[in-house]
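Novice: So that we are looking at the same thing, I have put the structure below in structure tokens.
The values are calculated or read from the model by the stated rules, or taken from the named source; none is laboratory data. Since we're looking at a predicted model, the values are computed, not measured. With ideal geometry, Cβ positions are generated from the backbone for all residues, glycine too; neighbour counts draw on all protein chains shown. Heavy atoms of the whole protein, side chains included, go into the accessibility calculation; ligands, DNA and RNA do not. Shrake-Rupley method; radii C 1.70, N 1.55, O 1.52, S 1.80 Å.
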Amino acid sequence: MNGNGTERFETVVIGGGQAGLSVGYHLAKLGRPFVILDANERIGDAWRKRWDSLRLFTPAKYDGLAGMRFPAPTVSFPTKDEMADYLAAYAARFDLPFRTGVGVDGLWQEGDRYVISSGDRRFEADNVVVATGACQNPKTPVFAPELDPGIVQVHSSLYRNPSQLREGGVLIVGVGNSGAEIAHEVSRTHRTWLSGKPTGQIPVRHGPTAARFVLPLVRFLGHYVLTLKTPIGRKVLPKLVGHAAPLIRVKLKDLALDGVEQVPRTVGAKDGSPELADGRVLDVANVIWCTGFRGAFGWIDLPIFGDDGRPLQKRGVAGEAPGIYFVGLEFQYAASSDVLVGVGRDARYVARHIAKRQANGKPKADVLGTIAPERR
């Protein structure tokens, strides 16, 4: 700790979910010192705070991080709380240095060091790994405040279960997996409308059979074929980033059997009620916004972002700011980069880059060429 109370580290990892823990594991294996900062009070809370009935789409076989398998039958689908407990056990098993309750609100450069702020606390580091993910700032339409104050509005990130809702109809805006899963649940107790157009559906029934025979193929494609190294990966990148994934578990025919009515996009508010693209106005008591998240990096004051707000990086390395890294970005290197099955590979690459950078005396130039090729 410096005389001014600033804590000093070689590497600070911001975010203690699966991405941050993966980076920590690989840094520890390489013998590099670091600390992980996380805004939540407990390791795994980012998963615990999601809706109560959530289960992972990937089977337990693919849900473990490097060095520790997930403790469940290989073709079972863990609950979100089981995933949270696994992350806490993972951090404990490998004794990863962790600071909880530290919400980072600023990152900038002073001289040859980076400064991280959390309220009145300051940390300095040679290297900073941003592993916060993209699901930080819930996005709702600009017309949401125009809806009648009596309508319950909740974003999917704050939805827990149907007890949060009033009696009466529910409009769910957004036909991604969150929208479909929540619609399936609330339709048991409320008349439900689902607004928007799906981006597609996985053409097989989700479950143990798919886990054995189909998901391995999907994983192979997302991990090895759809990457920035392949022509097809580079071609589909613009279509994947920022768009909802195809429906995986709950499909449109399931929702139809549930009695969920699919309607066009919600485009505005009329007389306090949601208005659809076809001019209809729905009389509902609740609206659940499954509309995604906006850019989550406004707290970073560094010249490392493109016009679209995405970090300018190569395999997680921000070339314009040596020592700044990202892990867990959407299509950081492959279609699997932001999910459990892919985050570990990117974390290992970044950790090795940090170790090489420190061994070379923190060179200003990129040292990507000095890292041995990945074997998997």
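Novice: Need the list of lysines near Lys270 for cross-linking: C-alpha distance under 28 angstrom, and skip anything on the same chain fewer than eight residues off.
Specialist: Lys139, Lys197
Novice: What number do you get for the stretch 251-355 when its Cα radius of gyration is normalised by 2.2 N^0.38 Å, N = residues?
Specialist: Against the compact-globule rule of thumb, the ratio is 1.60.
Novice: Under unit Cβ charges (Lys, Arg +1; Asp, Glu -1), what dipole magnitude, rounded to 20 debye, does the chain have relative to its Cα centre?
Specialist: It works out to roughly 1620 debye.
Novice: Something else: Taking 19 Å as the cut-off for C-alpha to C-alpha distance, list the pairs among Lys80/Lys253; Lys80/Lys314; Lys314/Lys356 that go past it.
Specialist: Beyond 19 Å between Cα atoms: Lys80/Lys253; Lys80/Lys314.
Novice: Tally Lys/Arg at +1 and Asp/Glu at -1 over every other residue whose Cβ is under 11 Å from the Cβ of Glu7; what's the total?
Specialist: +3
Novice: If you don't mind, there's one more thing I want to ask. Quick one: net charge around Pro246, please, counting Lys, Arg +1 and Asp, Glu -1 for every other residue with C-beta under 13 Å from its C-beta.
Specialist: Value of the local net charge: +4.
Novice: Which three extents, in angstrom, do the Cα atoms of the stretch 72-146 have along their principal axes, listed largest first?
Specialist: Per principal axis, max minus min of the Cα coordinates gives 51, 49, 19 Å.
Novice: Highest mean first, what order results for 116-125, 159-168 on Cβ atoms within 10 Å?
Specialist: Most protected by this proxy first, the peptides run 116-125, 159-168.
Novice: So for each of 310-320, 207-217, 341-351 I average, over its residues, the number of other beta carbons within 10 Å; can you give me the resulting order with the highest mean first?
Specialist: Highest to lowest by the protection proxy: 341-351, 310-320, 207-217.
Novice: Step by step: find N for the chain, compute 2.2 N^0.38 Å, then divide the Cα radius of gyration by it. What's the final number?
Specialist: Ratio of Rg to 2.2 N^0.38 Å for the chain: 1.04.
Novice: When the accessible area of the chain is computed with all protein chains present and a 1.4 Å probe, what percentage of it is carbon and sulfur?
Specialist: Here carbon and sulfur together make up 53 percent of the probe-accessible area.
Novice: Per DSSP H run of at least 4 residues, take -39500 (n - 2.57); add these up for the chain, divide by its residues and hand me the 222 nm value, nearest 500 deg cm²/dmol.
Specialist: -7000 deg cm²/dmol
Novice: In whole Å and largest first, what semi-axes does the C-alpha gyration tensor of the stretch 37-163 yield when each eigenvalue is scaled by 5 and square-rooted?
Specialist: Here the semi-axes work out to 29, 27, 12 Å.
Novice: Still on this structure: What whole-number value in Å² describes the accessible area per residue of the chain for a 1.4 Å probe?
Specialist: Ligands and nucleic acids excluded, the figure is 47 Å² per residue.
Novice: What net charge is computed for the residues neighbouring Gln153, neighbours being all others with C-beta under 14 Å from the C-beta of Gln153, Lys and Arg scored +1, Asp and Glu -1?
Specialist: For residues surrounding Gln153, the net value is 0.
Novice: By per-residue mean of other Cβ atoms within 10 Å, what is the highest-first order of 265-271, 139-145, 331-337?
Specialist: The most tightly packed comes first, giving 331-337, 265-271, 139-145.
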